[in-house]
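No value in this document is a laboratory result; all are computed from the given coordinates. The structure presented is a predicted model; accordingly, all values stated were derived computationally and were not measured. So basically every Cβ, Gly included, is an ideal-geometry build from the backbone, and we count neighbours across all protein chains shown.
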């Protein structure tokens, strides 16, 4: 199913009648039907128990995390360059050759 | 150090993962799903909670793979890889456990008002995280790098062997509220095909996110090792 169809299916759903379930101190939550939604954006955001507002919040958080990830990557890359330029080539992480062959012969 | 080609590949995969997961997030909220009592909209957690565990299992496989490599070649860089894969695995495991607790609180336990009831599935998952916790503690007990790498590798392979039993075999043989237990099918016939269209890409996307976070940490650990001769992050 493509996304526009998904939205259309939402908008076609009937607003549930919640008046009967309302407890004391609740304002009666009647879903998008009673909201005088003006623009198309507002209509989408208020539909389906305002689920898309949650999506908006999640996306803002996700974008924030992406920015953090990208900035960390840039700093890491520049740190790697600095290290490569300033510290001589020998690679301390190369697997030891002599010690390991010693180990195999008891 | 990573070569320029490896860095380029990292950036490419990272960008694909970012776009991919953004699409999954949007689709996860937007696409209409069947309305099931008790579950209601929380059924969408299938796209987010379940991939945490798939990702955790994939990460433990990567970690164990590099631990085997340590024992075969004495390569310290593979010890760094095993450690960082295990670290990210535990992060995804903690996320899986806490999201599961929140989900259970408002579905299984909605009338009971409890957060934790020692459901076998949850208990064994928590035990799994403790087994990995011991791996990090064990590493701090050995100072000599090559010795530490070998000792940790042996333990890590043991830890990875417990994963399928604690997360898959044992929970299925016990009574549990979690899907995939005795008389409670996990997924197969009872899930709407539309949800699979988002669920499978979500698993791929989160495993990709694991790879990005893991690779970033490995690169950082390599720089740290070059500067201080200590790769532990």
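Tabulated values for the structure
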quantity	calculated
Average beta-carbon neighbours from other chains, 10 Å sphere, peptide B:30-36	5
Between 0 and 90°, nearest 10: helix B:76-105 axis offset from chain B longest Cα axis	20 degrees
Neighbour-count ranking [beta-carbon atoms within 10 angstrom, fewest first] of B:8, A:50	B:8, A:50
Centre separation in Å (Cα based) which lies between the range B:18-67 and the range B:139-169	27 Å
Peptide B:153-166 - average C-beta neighbours from other chains (10 Å radius)	0
Chain B, helix-only ellipticity at 222 nm - DSSP H runs n ≥ 4, -39,500 (n - 2.57), divided by all residues, nearest 500	-24500 deg cm²/dmol
Neighbour-count ranking [beta-carbon atoms within 10 angstrom, fewest first] of B:192, B:119	B:192, B:119
Principal-axis tilt of helix B:4-30 within chain B, Cα atoms, nearest 10 degrees	10 degrees
Within 10 Å of each Cβ in B:136-146, the average number of Cβ atoms from other chains	1
Folded to 0 to 90 degrees: helix B:120-140 orientation relative to chain B principal axis, Cα	10 degrees
Order of B:163, A:54 under a 10 Å beta carbon neighbour criterion, fewest first	A:54, B:163
